[in-house]
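Participant: Encoded as structure tokens, here's the structure I'll be asking about.
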Amino acid sequence: MLPHYYYSHILIDMSAFETILFYTIPFGVSFGLTLVFTWWVRNIAVKFNIVDIPNHPRKIHTRPIPLAGGLALFMVMVIMVTTFWYSGWLDSDRIVAMDIIGLLVASFVILIGGLLDDKFSLKPIQQFIWPVVAVIIVLLVGTRVEYITNPVGGILALTPIAGSVITAIWLLGMTYTTKILDGLDGLVSGIGAIGALVIFIVSLSWNEPYSAVSVLTLILAGITFGFLVFNFHPASIFLGESGSLLIGFWIGMLSIIAGSKIATTLLIMGMPILDVAWAIIRRVVIEKKSIASADRKHLHFRLLDLGWSQRRVVLFLYLLTILFGSVALWQQTVGKIIAFGILVIVMIILGVMLVRKNKVNSTVIAKE
């Protein structure tokens, strides 16, 4: 049974086959279980009428689609994490028991709030309570950002208060980034899978071989890829509020317990983060609307308005994520900051081009 020699942090050289097996099992089992649980949850959602009805201009599907995909994701995560934790796979100097407990308990809180919203369409303030409670739980168990990398060298230690504030902002920001991004089939689940794989590859460069973070990221990658089988266009089930929030929360948590890999994750998730940031500025500052007001002005909707298919838009955004996320594999902090700056410029140029193109198309249609 893999790996009995890992229980007491005594690492014995692995053969190539054992190494492949070590990394394949978490991903493969998670992927398989997600296929089974997603199929089951899809049927349950239909039975209890937890479906997304296309009754808003922002919704582009043409028939009711089951929600509550987050339930399948959560159940697989609990099974995998508790099993691998009990078996010793998650023994690590980087991760302590309270990190795991905080991750699971906080995820359960987010799941409950998300399922309630999927069924009863909660008001924005009622939706917001659950992620806030989840973040408080994480802070209470002691998981927080303890330091940040100094771009000019070394690290900057943070006080408990500063670390807690940064942790809260980071987790809520990541959680709501994936929530707001969830507008096309397979977009969030696919970007979540890419993000998990990039963090996994980064983890291979650490001095600690076969780390718990590597296992956790592979579990998340297996879960998101498994769900993507049902969620890619044309989707037969949606993530729902619970699923979209959980993916962002898990990526945010992994970046913290991996050793404050915030710069890395910021680059991986840069495209959706910038898109959401601009949406917030536009709604609040320019349009004087509520931050929670939904619209069709996100990057992916503007690409759709150009006549792109859902699959083409999603694959294009996957490519952007892979291109800039791959920079995290070979750049240090300064390089990542520069790359993020380039991404900002790319997003601005792309946004201006799309706005102008959409205006031209609208004018042509109006004249006709």
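The values are calculated or read from the model by the stated rules, or taken from the named source; none is laboratory data. If you're wondering where the values come from, they're calculated on a predicted model, not measured in any experiment. With ideal geometry, Cβ positions are generated from the backbone for all residues, glycine too; neighbour counts draw on all protein chains shown.
Participant: Restricting the search to the range 171-197, which residues are farther than 18 Å from I223 by Cα and in contact with a Leu (Cβ under 7 Å, 6 or more places away or on another chain)?
Facilitator: L181
Participant: Given the condition farther than 24 Å from H233 by Cα, surrounded by 15 or more Cβ atoms within 10 Å (Cβ to Cβ), under 19 Å from the mean Cα position of the chain (by Cα) and touching a residue at least 40 places away in the same chain (Cβ under 8 Å), answer yes or no: does some residue in the range 289-306 qualify? Break it down stepwise before answering.
Facilitator: Taking the range 289-306 and keeping what is farther than 24 Å from H233 by Cα, we get 289-293.
Next cut, surrounded by 15 or more Cβ atoms within 10 Å (Cβ to Cβ) only: none.
No, the range 289-306 contains no residue that is farther than 24 Å from H233 by Cα, surrounded by 15 or more Cβ atoms within 10 Å (Cβ to Cβ), under 19 Å from the mean Cα position of the chain (by Cα) and touching a residue at least 40 places away in the same chain (Cβ under 8 Å).
One line per residue, one yes/no per condition, for (1) touching a residue at least 40 places away in the same chain (Cβ under 8 Å); (2) touching a Ser or Thr at 6+ places or on another chain (Cβ under 6 Å):
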| position | (1), (2) |
| --- | --- |
| A72 | yes, yes |
| V78 | no, no |
| V81 | yes, no |
| L90 | yes, no |
| V109 | no, no |
| Q126 | no, no |
| V132 | yes, no |
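Participant: State whether the residues of the range 132-154 include one that is of a type in the set (F, W, Y) and under 30 Å from W39 (Cβ atoms). Break it down stepwise before answering.
Facilitator: Filtering the range 132-154 for residues of a type in the set (F, W, Y) gives 147.
Then keep just the ones that are under 30 Å from W39 (Cβ atoms); that gives none.
The answer is no, given that none of the residues of the range 132-154 is of a type in the set (F, W, Y) and under 30 Å from W39 (Cβ atoms).
Participant: Can you pull out every residue in the range 19-43 that is among the hydroxyl-bearing types (S, T, Y) and either modelled with pLDDT of 95 or more or on the phi > 0 side of the Ramachandran plot (or both)?
Facilitator: To start, the set of residues in the range 19-43 that are among the hydroxyl-bearing types (S, T, Y) comprises 19, 23-24, 30, 34, 38.
Residues satisfying the conditions are S30, T34, T38.
Participant: Of all the residues that make up the range 277-313, how many are at pLDDT below 85 and hydroxyl-bearing (S, T, Y)?
Facilitator: Adding up the residues that qualify gives 2.
Here is a yes/no grid of residues against (1) modelled with pLDDT of 80 or more; (2) closer than 20 Å to S244 by Cβ; (3) of a type in the set (K, R):
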{"residue": "L2", "(1), (2), (3)": "no, no, no"}
{"residue": "F17", "(1), (2), (3)": "no, no, no"}
{"residue": "P57", "(1), (2), (3)": "no, yes, no"}
{"residue": "T82", "(1), (2), (3)": "yes, no, no"}
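Participant: Name the single residue, out of those in the range 90-121 being small (G, A, S) and touching a Gly at 6+ places or on another chain (Cβ under 8 Å), that is nearest to F22 (Cα to Cα). Before the answer, list the steps.
Facilitator: Taking the range 90-121 first, the residues small (G, A, S) are 92, 97, 102, 106-107, 113-114, 121.
Next, from what is left, pick out any that are touching a Gly at 6+ places or on another chain (Cβ under 8 Å): 102, 114.
Working: G102: 25, G114: 33 Å.
This residue is G102.
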